[in-house]
Structures are given as structure tokens and as C-alpha cells.
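A short worksheet on the structure shown next.
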């Protein structure tokens, strides 16, 4: 960002926080994020040091990625529901400020790099307790029940979200024109075993190691956006598959059972966690 953009950004932050005495001391780009550009901003608000994170679209994006304004709305809804996400500060849709719309949120300490979390046993604290914490965070997400006015952009939930997801994935695979028998078999199995959906909920769709942050004691924040309406067991199965592929089946399956049980219990879901 150039000097003029930094000046305009500082004024926008001061106005958003209703802070008469704010100084933007500097900012630097943060590593990570293939479809968004993240900046760490160092400010002084009334003499108190504060650090924020600015997120805007990167030059290269993917079609399935939600725009920043939708990501911000989802994060704000999650924050109001008690999900451990960075505090949303504000969203600016005026490109005149820094050249593109952006979201601003509080900066949270911790490590989010998946391979490092998996290998470094000093991170995350006790892994069983970490599974408990993740399960409770998922439960809070699943307690958000669309349709609702602040999430109107999600549209109305499909009556059978699991079947609808299978249909979307099959259409994507067909459009590629590639022969993938194992994927076709998996989609057919999912189609035949799709669970009923008595109450659609908001789900994360990418809740995995690498999309939450930890320190030496445990979970510090869940990061990245939420995104769809579906049934909670879909996310739990995704976690199970990811952890199994990391060659720790016996330990991580137990953790996933604990995660599933906590998620179902805390969100009021009475279904068998094994599903």
C-alpha cells in the first residue's frame, strides 16, 4: 500500500472504531492465503497498541470462493453465536480507500500451518482436549440455522442437502470429462447412504487442520470462512478421512468419535455420532 492508501485506511479505521485518536503505524503483508491477500496492521488507538488483519481478494481467485463481503457476514454471524473467530471490526466496499473492498478483523495469536501443527507436539496442548475444543466450536457453528436475513445470500437450504451435494459433485466430475471410477463409486455410495436432514444447519465445509489456530496450550481461533447449509455429520466424516490419511487411524478415529459426540450433544443433535 502506498502513502495515500495508508492515510485513507487509517481514517477509515478511525471512523469505524469511532476513535478520535488513532495512528496507523504500519502494515506488512502476511504469508499464506492463496485466494486472499492478508495484511497485518499496527495501530495505536487512544495510546493503546492494537493489531488488526486486513483481508482482500488476491489477484488470482477461484470461482467457488465466496467474496469478502460474504465471508465477513459469515464471520460476524459466527462471532455473535460465540464461535471462536477473530473479532470482526468492519467491512469496506469502497474501492477508493485502498483499491479494492476489504474486511478488517482483530489479529489473533497462534499457528495455523497444518503440517507444523501435526508434527510439532508442543502445539495444540493435549490433543484429546483439542478435539473437545474443536467439537464445541463445530457445535456452535451448527447451531446457526438458515434461512435468516443476515445470511440471505446463502439462499434457501435444499430439502435434502446430502443428495444435492452428491449431484453437484457428480456434475463437476462429468464436466471434467475424466474417467475416475473410484470417485464415481464413492459418489454412488454417498448417494445410497445419504442421511435424512430433519433440520438444515450452517456448516464449515473446510474444517481441518490448517484452518484453525493453536498455541502451546490449545485452540486460539477458528479461521477462514464458513459456507453452506448441510448436515453436521458431513464435516465430521471429512475430518475422519483427513486424519486417517495421515496414518494415525487408531488414535485419530478415537478423537473423531469424541469430536462427533461432543458436536452432536452440544448442538442438540440427537442422532448417533457414528453416522
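Miscellaneous remarks
- Listed peptides 131-141, 41-51 by packing density, highest first (mean Cβ within 10 Å): 131-141, 41-51
- The Kirkwood radius of segment 3-106, taken over pairs of alpha-carbon atoms, gives through the Stokes-Einstein law at 37 °C and 0.692 mPa s a diffusion coefficient of 230 µm² s⁻¹.
- Peptides 101-107, 23-29, 89-95 ranked from most to least packed give 101-107, 89-95, 23-29, packing being the mean of other C-beta atoms within 10 angstrom over each peptide's residues.
- Whether segment 149-212 is rounded, prolate or oblate, judged on the alpha carbon gyration tensor where a/c under 1.5 counts as rounded: prolate
- Fewest-first sequence of 79, 142 by Cβ atoms within 10 Å of each Cβ: 79, 142
Read-outs: derived from the displayed coordinates by stated rules, not from any lab. Keep in mind it's a predicted model, so treat the numbers as computed, not measured. Neighbour counts are summed over all protein chains in view; Cβ atoms, including those assigned to glycine, are modelled from backbone coordinates with ideal geometry.
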